[in-house]
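Below is one structure; the comments refer to it alone.
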Amino acid sequence: MKFRSHVWNELRSPEIAAARDAGAVVVIPIGATEQHGAHLPLDTDVLSATRVALGAAELSKEPPILVAKIASVGFSPHHMMHPGTISLRMETFTALVRDVVVSVRRHGFRKIIFVNGHGGNVAPLSAMAHELAAEGMPIVFCSYWDLIRSEIAETLEGSRKTVGHAGEFETSVLLHVRPEGVRLEAAVDERRPPWNPRLRHDVLVEAGAVFPPIFSSDSTGVLGDARRASTEKGRKLFESAVSRLADLARRVAEADLFEASVWEEPEP
Ligand SMILES: [Zn+2]
């Protein structure tokens, strides 16, 4: 089925009903508005996730994919020490996810994928995915870099061959999706953990709390070697993520997802 637009928000109500009847998978990009050092824009995470989602929607013939744009903010308290970050509280973020899922399901869609572009959203999204599944409303969620872990390790050349923050990976992706927002001359190679040492990252991480450490105000706000970023690396990683997401949507469309609440009495 060919849609006038892949963006849920741009369609008219009867077009949404037709997409539902055609078995569309709803992909919901989610990211953040937060500092990304001196060289990347605040919307890096939501832009990356949205562009990967739209790329998959254009690529996938079957199933059709709709991309619902719901928010440009996420859970980013650990970036508040740098100007520009706008964060939801945990309960606001999880309530947002819940209300969106309930709304989308209300219109008859059952296959919902959240595509995340921000590390701080991982723990709350994972918690929500567990809770919603237990209530008979299963959702799928991935961070777009989860889809391309081996390509990231193979492609990056700097000291840190993982996602990091505003480093080689994200800077390359931005050089591909919106180069005019990148100030490459301000990019740095940051190896020093940017946490405030008084937050005792060493102790907190042992206990499983990965993100309470705050990017301290005197840090660069970067983790990784942004100077090694390139448009070519960004294009390659972006295109891999797009095709993997389209493949995930196909598997989700074909899967028979269990939809029973563990909190309700079974039928006698
Ligand atoms: Zn980011």
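The values are calculated or read from the model by the stated rules, or taken from the named source; none is laboratory data. What you are looking at is a predicted structure, and each value in this text was computed from that prediction instead of being measured. Positions of Cβ are generated from backbone atoms using ideal geometry, with glycine treated the same way; all protein chains shown enter the neighbour counts.
Things worth noting here:
- Meets criteria (surrounded by 15 or more Cβ atoms within 10 Å (Cβ to Cβ), away from the ligand (no atom under 15 Å from the Cβ), over 30 Å from Arg251 (Cβ atoms) and charged (D, E, K, R)) for Arg228: yes
- Filtering the stretch 140-173 to residues that are within 13 Å of the ligand (Cβ to nearest atom), among the small types (Gly, Ala, Ser) and more than 25 Å from Ala127 (Cα to Cα) leaves Ala166, Gly167, Ser172.
- Where a residue in the stretch 23-45 is over 30 Å from Glu254 (Cβ atoms) and its partner, wherever it lies, is part of a strand (DSSP E or B) and more than 12 Å from the ligand (Cβ to nearest atom), with Cβ under 7 Å and at least six apart: Thr33/Ile86
- Filter result for Val26 (more than 10 Å from the ligand (Cβ to nearest atom) and buried (at least 21 other Cβ atoms within 10 Å of the Cβ)): yes
- Candidates are the residues of the stretch 145-192 that are surrounded by fewer than 17 Cβ atoms within 10 Å (Cβ to Cβ) and among the acidic types (Asp, Glu); the one that is nearest to Gly117 (Cα to Cα) is Asp146.
- Within the stretch 9-21, residues that are surrounded by 15 or more Cβ atoms within 10 Å (Cβ to Cβ) reach partners that are in a helix (DSSP H, G or I) and not β-branched (Val, Ile, Thr) with beta carbons closer than 8 Å, at six or more positions or on different chains, in the pairs Leu11/Ala19; Ile16/Trp8.
- Residue among Ala57, Ala24, Ala49 that alone is at pLDDT 95 or above and more than 24 Å from Lys236 (Cβ to Cβ): Ala24
- So Ala71, is it part of a helix (DSSP H, G or I), within 16 Å of the ligand (Cβ to nearest atom) and within 17 Å of the chain's Cα centre (by Cα): no
- Qualifying residue in the stretch 174-193 (condition: within 13 Å of the ligand (Cβ to nearest atom), under 16 Å from Lys233 (Cα atoms), under 22 Å from the mean Cα position of the chain (by Cα) and outside any loop (DSSP other than H, G, I, E, B)): yes
- Unique residue being away from the ligand (no atom under 16 Å from the Cβ), aliphatic (A, V, I, L, M) and under 13 Å from the mean Cα position of the chain (by Cα) when the list is Val104, Val97: Val97
- Enumeration of residues in the stretch 91-134 that are buried (at least 19 other Cβ atoms within 10 Å of the Cβ) and either in contact with a His (Cβ under 8 Å, 6 or more places away or on another chain) or part of a loop (DSSP other than H, G, I, E, B) (or both): Phe109, Lys111, Gly117, His118, Gly119, Gly120
- Condition check for Pro64: touching a Phe, Trp or Tyr at 6+ places or on another chain (Cβ under 9 Å), more than 16 Å from the ligand (Cβ to nearest atom) and either modelled with pLDDT of 95 or more or within 19 Å of Asn9 (Cβ to Cβ) (or both): yes
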